[in-house]
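The values are calculated or read from the model by the stated rules, or taken from the named source; none is laboratory data. Small disclaimer: the values here were computed from a predicted structure and weren't measured. A quick note on method: Cβ atoms are made from the backbone with ideal geometry, for glycine too, and the neighbour counts reach across all protein chains shown. Just the protein is used for accessible areas: all its heavy atoms, side chains included, with ligands, DNA and RNA removed. Shrake-Rupley method; radii C 1.70, N 1.55, O 1.52, S 1.80 Å.
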2 protein chains.
Amino acid sequence: MNLLPIAAVERDTGIGKDTLRVWERRYAFPQPTRDAKGERLYPAEQVDKLRLLRRLLDQGHRPGNIVGEPLETLLALVDARSEAPPAAANAQIEALIEAVRLHHSAELRAALQQHLVKLGLQRFAAEVVAPLSDAVGEAWLQGRIGVAEEHLFTEQVQNLLRSAIGSLAPSGGTPRMLLTTLPGEEHILGLLMVEATLIPEGVHCVSLGTQTPLADIAEAARGGGFDIVAVSFSAAFPARQAVAALRQLRAQLLPGIALWAGGAALRGKRRPIDGVCQIDPLADVLAALAAWRAAQP
Amino acid sequence: MNLLPIAAVERDTGIGKDTLRVWERRYAFPQPTRDAKGERLYPAEQVDKLRLLRRLLDQGHRPGNIVGEPLETLLALVDARSEAPPAAANAQIEALIEAVRLHHSAELRAALQQHLVKLGLQRFAAEVVAPLSDAVGEAWLQGRIGVAEEHLFTEQVQNLLRSAIGSLAPSGGTPRMLLTTLPGEEHILGLLMVEATLIPEGVHCVSLGTQTPLADIAEAARGGGFDIVAVSFSAAFPARQAVAALRQLRAQLLPGIALWAGGAALRGKRRPIDGVCQIDPLADVLAALAAWRAAQP
DNA sequence: TCAACAGTTTGTCCAAGACAAAATGAATCT
DNA sequence: AGATTCATTTTGTCTTGGACAAACTGTTGA
């Protein structure tokens, strides 16, 4: 059997060391074995369960109710979830998912390319990439695909979107927008979808990729004369940290610069954050753009 | 003044909470203030110094000698370093660096594109991207550019390389190679450079992007019928963890599958790791490919 | 239906100690 | 000189148990 030390488990599951230890104390799970030094060693099956737990937490479940429950109960929760929404039952999306599942990267690439050409960049992002991205996350949760397949999918889509975005001449238009994610958020697809949606509208987009420290975002926004800073969050990003970081970033940013935040991590937030424009479905970004332009003299 | 809690400092500097606390105990630096709860709050200037320390450690310095030293001493170390190698004094590279420094993204893009067309993909990777990447790291160390500029550079190069790689038809040739980085390594440029070098040689490359868990790499390699697994490390990756993770991956991989590892983190390793092919300068990858092909029946 | 309240849950932080892996430097042998 | 062995420091990571505020829950009252 394969045993992992606590640091490896933190990296593989995204659950912090402190949290792993406190769960063990409170919910009697996980229960790692110990090595000669007395240090925790987690069996692979417990790590698998932790990954599942992480995903269920992202979906809105609470630790007290699910950590400690046996595996069957958790799987039942997954099944219950996947029955509720009829999977949006889009046959095209399902076909793409199947290509991901079987590692058919050439077919996947060809099919995506076809959709891109047929729909155009904006609709491709909104009608193919966004739902497909959700569907891949869902399929992972159900155990139908693995992490490797998820990564493969991300790479393929990224190649396509970056090629398409790069082939459009830099606009030099307004507003000038700086795009990035905060430290800890490594998912870039949300960012690329926003860029794909806004570039055809004549927005001047500059992406810094993922995980830019707050201070550097603020400095770049000031120095580059940007009008808007846009950051994106995946469902995996802890909402608690997202809110704190957004407040902090807002404080460091010049008041004249707008701050847009979007993505699943902020879904279901009751109170909006002062000075932060929340954009949840991807389509909202066009409305936000129209609003921004209307507010300019 | 701007004060950051310990978790934010960990994310911004990459130095773990435990390490931050133990440095404070041993070297009397950093010395954060405390809030009402008694929790650490780090002033921005100490965080800046921590970032510099991190970089110096990556360059081979040892904590006992540099943490605790005043800022001027550290800056002197940086200067001493940059005088030693005459910066490879390539005028073209310097011009590109200047474009990065000034946020001239349009010019940067155009110049890179020009080099790519002129040199071809392989030489572009080896003669432009690789040295430019090093030079950007060096410029960051000297404080000539910030993190935002570094990210901007990475994005631009990534767009170009991905477009170029994507425009080549999938080869279906041999060997079949799986490329990725290990959890904790987020730099993708090394991977893209390898892909750019090998695809024109007819190698069938499949990239999983960054940070794939070991178990998923092994499973994907088995399921996809790959001949070679290639992983890349940046200078920022702790060599200690790299060696441990490579041993672990080697153990999980089928014996018939070769494991290639490259990148700055393994530079200066005395003993090679059993069953791992180490590739340090980018050019070596072609030699390794020739060797692999020669060994096939 | 919404707002305010009290109660519970939960992630993160602290302290000081411990230890093994890695780096260093000295000594010894080809 | 160059390589190999050994002892000594250095250094990051892990341990325990306690503590607390922010966020969430569910109830009460308008």
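Condition first: closer than 28 Å to A:GLY184 by Cβ, assigned to a helix (DSSP H, G or I) and out of contact with any Gly (no Cβ under 7 Å at 6 or more places or on another chain). Can you find one or more residues in region A:93-100 that meet it?
Within region A:93-100 (the criterion being closer than 28 Å to A:GLY184 by Cβ, assigned to a helix (DSSP H, G or I) and out of contact with any Gly (no Cβ under 7 Å at 6 or more places or on another chain)), the answer is yes, since at least one residue qualifies.
For region B:31-51, the criterion of being within 21 Å of B:PRO238 (Cβ to Cβ) and away from chain A (no Cβ under 14 Å) is satisfied by no residue at all. The condition of being modelled with pLDDT of 90 or more and either out of contact with any Leu (no Cβ under 6 Å at 6 or more places or on another chain) or closer than 24 Å to B:ALA130 by Cα (or both) holds for only one of B:ALA88, B:ALA28, B:ALA36, that being B:ALA28.
Looking only at region B:214-245, how many residues end up being more than 16 Å from DNA strand D (Cβ to nearest atom) and not small (Gly, Ala, Ser)? Total meeting the criteria: 9. For region A:20-50, filtered to residues that are open to solvent by 40 Å² or more (accessible area, probe 1.4 Å) and assigned to a loop (DSSP other than H, G, I, E, B), the residue that is farthest from DNA strand D (Cβ to nearest atom) is A:ALA28. Taking the listed residues B:GLY64, B:GLY14, B:GLY68, the one that is small (Gly, Ala, Ser), modelled with pLDDT under 95 and within 12 Å of DNA strand C (Cβ to nearest atom) is B:GLY64, with no other qualifying. Looking at A:ALA244, is it outside the structural domain of A:LEU161 (by TED's automatic domain parsing) and free of Cβ contacts under 8 Å to residues at least 12 places away in the same chain? Criteria met by A:ALA244. If you go through region B:129-144 one residue at a time, do you hit one that is open to solvent by less than 20 Å² (accessible area, probe 1.4 Å) and within 14 Å of chain A (Cβ to nearest Cβ)? Within region B:129-144, one or more residues are open to solvent by less than 20 Å² (accessible area, probe 1.4 Å) and within 14 Å of chain A (Cβ to nearest Cβ). The criterion of being within 12 Å of DNA strand D (Cβ to nearest atom), assigned to a helix (DSSP H, G or I) and aliphatic (A, V, I, L, M) holds for B:LEU53. Does region A:73-86 contain any residue that is touching a helix residue (DSSP H, G or I) at 6+ places or on another chain (Cβ under 7 Å), more than 12 Å from DNA strand C (Cβ to nearest atom) and either within 12 Å of another protein chain (Cβ to nearest Cβ) or closer than 24 Å to B:LYS17 by Cβ (or both)? Taking every residue of region A:73-86 in turn, none turns out to be touching a helix residue (DSSP H, G or I) at 6+ places or on another chain (Cβ under 7 Å), more than 12 Å from DNA strand C (Cβ to nearest atom) and either within 12 Å of another protein chain (Cβ to nearest Cβ) or closer than 24 Å to B:LYS17 by Cβ (or both). In region A:25-40, the residues that are among the aliphatic types (A, V, I, L, M) form Cβ pairs under 7 Å with partners that are open to solvent by less than 60 Å² (accessible area, probe 1.4 Å) and within 13 Å of DNA strand C (Cβ to nearest atom), at six or more places apart or across chains, as follows: A:ALA28/A:GLY68.
The residues of region A:1-13 include none that are more than 10 Å from chain B (Cβ to nearest Cβ), out of contact with any Leu (no Cβ under 7 Å at 6 or more places or on another chain) and either open to solvent by less than 40 Å² (accessible area, probe 1.4 Å) or within 18 Å of A:PRO63 (Cβ to Cβ) (or both).
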